[in-house]
Amino acid sequence: MLPQAYAEIVGDAGQCKIKRLRPSIGVFELHFSSDSGVSHVCHMTVCITGVDLVFAANNRNVLVSPPLTPAKLRPVFAIALADSEIALR
């Protein structure tokens, strides 16, 4: 879900992969890379609150309600990339 949404937002300008997924505790890493070779890793947690998802990273969190679309997931990428050199278009 996240890699596909990121691809729809940035197109060919970058890539996002999920690694070290630990669904039992809601922890994962997002690995970002830009077309210019810059890379960034963000440790993120997710919590289900009823039907909504709360994503947290870098002392910030965002609540996302279904359906999960690229537009609704944009704030998740914004907090994941907040401390990186990769700009979210």
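The values are calculated or read from the model by the stated rules, or taken from the named source; none is laboratory data. Just so you know, these numbers come straight off a predicted model, no measurement behind them. Heads up, the Cβs are rebuilt from the backbone with ideal geometry, glycines too, and the neighbour counts pull from every protein chain shown. Side chains are part of the model used for accessible areas, which takes the heavy atoms of the whole protein and leaves out ligands, DNA and RNA. Shrake-Rupley method; radii C 1.70, N 1.55, O 1.52, S 1.80 Å.
Things worth noting here:
- Selected residue (criterion: modelled with the lowest pLDDT) from residues of the range 73-89 that are under 12 Å from the mean Cα position of the chain (by Cα) and either in a loop (DSSP other than H, G, I, E, B) or more than 23 Å from Ser34 (Cβ to Cβ) (or both): Leu88
- Leading residue by the ranking (farthest from Ile86 (Cα to Cα)) among those in the range 38-50 that are assigned to a strand (DSSP E or B) and open to solvent by 40 Å² or more (accessible area, probe 1.4 Å): Thr49
- The single condition among (1) surrounded by 13 or more Cβ atoms within 10 Å (Cβ to Cβ); (2) closer than 19 Å to Ala82 by Cα that Leu53 does not satisfy is (2).
- Qualifying positions in the range 54-68 - in a strand (DSSP E or B) and under 22 Å from Gln15 (Cβ atoms): Phe55, Ala57, Val62, Val64
- Screening Ser33, Ser65, Ser24 for residues that are exposed (fewer than 13 other Cβ atoms within 10 Å of the Cβ) and at pLDDT 95 or above leaves exactly one candidate, Ser65.
- Residues satisfying the stated conditions in the range 5-24, i.e. within 22 Å of Pro66 (Cβ to Cβ) and in contact (Cβ under 8 Å) with a residue 12 or more places away in the chain: Ala5, Tyr6, Glu8, Ile9, Cys16, Ile18
- Residues satisfying the stated conditions in the range 31-49, i.e. of a type in the set (Gly, Ala, Ser) and closer than 21 Å to Leu21 by Cα: Ser33, Ser39
- Restricting the first member to the range 63-89 and to residues that are farther than 11 Å from Cys16 by Cβ, and the second to residues that are acidic (Asp, Glu) and open to solvent by 80 Å² or more (accessible area, probe 1.4 Å), the beta-carbon pairs closer than 6 Å and six or more apart or on different chains are Pro70/Glu8.
- Residue in the range 26-37 that is farthest from the chain's Cα centre (by Cα), counting only those that are touching a residue at least 12 places away in the same chain (Cβ under 8 Å) and in a loop (DSSP other than H, G, I, E, B): Asp35
- All positions within the range 10-21 that are under 15 Å from Leu73 (Cα atoms) and surrounded by 17 or more Cβ atoms within 10 Å (Cβ to Cβ): Val10, Cys16
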